[in-house]
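Taking it in order: structure first as structure tokens, then the write-up.
The numbers here are math on the coordinates, done by the rules we state, and not lab data. Worth saying up front: this structure is predicted, and the values here are computed from it rather than measured.
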Amino acid sequence: LGSPVAEQKTKPTQHSVQRMMQLGLRPDFLCCRGKEALKEGTKRKLSLFTSVSEPAIISLHDVSNIYRVPLMMMEQNLPSMLSQRLRLPHHRRGLKYEHLPHDMCRL
């Protein structure tokens, strides 16, 4: 979704999802990589053209430390949505992990 212009590009993701659907696959989630967090307008547009709900479109943008990526996923409720979709017991946050990234970021 990265682009040198200010607008975040959605066409590559739309085409990828369209191709998946032609193969009989329908995504429940979209995890989108980019330099910056997805803007709300970008999420709305992706949701409209891919039939994936806005909360299920996850922004995985660049962060200062790799250990922040799981926290970013937790902040966007991905673990709970996954466990619900897979019909697993309700997801509980692990306190130990929540503190680990903050300690690791000091390195």
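Applied to the stretch 14-24, the Karplus parametrisation 6.51 cos²θ - 1.76 cosθ + 1.60 on θ = phi - 60° returns per-residue 3J(HN,Hα) values of 4, 5, 5, 5, 4, 5, 4, 5, 5, 8, x Hz, with x for Gly and Pro. Amide H contacts of LEU30: ILE57, ILE58, each under 5 Å away and 5 or more positions distant or on a separate chain (H built 1.01 Å from N in the peptide plane; Pro and chain starts excluded).
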